[in-house]
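> The structure's right below; bear with me while I get my questions together.
The values are calculated or read from the model by the stated rules, or taken from the named source; none is laboratory data. Since the structure is predicted, the reported quantities are computational estimates derived from the model, not experimental observations. Here the Cβ is made from the backbone with ideal geometry for all residues, glycine too, and neighbour counts use every protein chain on show.
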Amino acid sequence: MFIGFLHRQSAGKSVIIGTMDLSQTQKDIIVGTLLGDGSLEYDKFKASRLQIKQADRKKEYVMWLYENMADLVKTPPKQRPDTLQWYFSTRSLRPLEDFRRIFYVNGRKTVPVNIKGLLKSPISLAVWFMDDGTLDFREKSHYSFSISADDFTVEEARLLQEALDKNFGIVSTIQTPSSRGKRYTKLYIGKNGRHRFLESIRPHILPCFVYKLPPENNLTPQRLILRERKALNTVR
């Protein structure tokens with residue numbers, strides 16, 4: 001069990017204010033968001049804080065993260081007036097520093113060599129996908145998933161690939177497409193792994209991300225109207 005100590009600077013010293021535990025759900029969310037958009041900031045007093053930032057359209061997601069982290073947070077989510085981003089930070093906590101030491105090397109976010117022991121919960125997988133995942137869906141013909149791994153090396157992506165296979169039975173491949181002279185790393189989940197992947201994440205995907213799941217992503221208002229018309233014609 002992680003036991004957290006809340007720190008702050010007082011007269012040049014690190015002062016212990018209280019103790020906190022991280023729940024298993026909180027740990028699972030932290031693992032997922034550190035693979036995605038989340039970041040940890042070291043306070044230089046043996047503690048770190050988790051920082052969350054998302055676009056305005058993902059407000060529901062930020063609020064969900066906040067609800068699950070509320071006991072670790074002092075100030076509720078706020079919206080920036082310039083970018084309209086929603087954001088919040090946790091308090092500086094010793095257990096989060098433990099995560100920073102695992103996920104960061106010389107200030108760079110990395111994939112830990114023991115990621116197989118960390119990426120084990122469908123919640124972690126779903127959070128990672130909500131942060132960095134995309135769906136390629138073509139009605140009646142094809143669907144696949146991709147998860148961006150741009151922050152990581154190909155070798156680190158391979159660690160993630162192995163964790164998906166061992167812990168979830170999800171088969172994936174590593175792709176490095178090029179755009180404007182720069183290569184980007186991603187995990188591609190096609191026909192050999194998509195069903196298992198979808199089964200794992202679907203129960204945990206928030207409504208604001210249903211467009212990332214088949215077949216909801218093609219149900220734009222226009223297509224809904226067309227589908228309803230087809231259904232009426234069938235009845236007639």
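> In the list K120, K166, which residue meets the criterion of being basic (K, R), within 17 Å of L35 (Cβ to Cβ) and under 14 Å from the mean Cα position of the chain (by Cα)?
It is K120.
> Filter the range 114-144 down to the residues that are among the β-branched types (V, I, T) and either closer than 16 Å to S172 by Cβ or in contact with a Cys (Cβ under 8 Å, 6 or more places away or on another chain) (or both), then identify the one that is surrounded by the fewest Cβ atoms within 10 Å (Cβ to Cβ).
Here the residue is T134.
> List the residue pairs whose Cβ atoms are under 6 Å apart, where the first residue sits in the range 75-92 and is in contact (Cβ under 8 Å) with a residue 60 or more places away in the chain, the second is acidic (D, E), and the two are 6 or more positions apart or on different chains.
S92/D43
> What's the number of the only condition in (1) of a type in the set (S, T, Y); (2) outside any strand (DSSP E or B); (3) at pLDDT 95 or above that Y211 fails to meet?
Checking Y211 against (1) of a type in the set (S, T, Y); (2) outside any strand (DSSP E or B); (3) at pLDDT 95 or above, the one that fails is (3).
> While we're on this one: Restricting attention to the range 47-80, which residues are of a type in the set (D, E, K, R), surrounded by 14 or more Cβ atoms within 10 Å (Cβ to Cβ) and under 15 Å from R94 (Cα atoms)?
Across the range 47-80, the qualifying residue is only R49.
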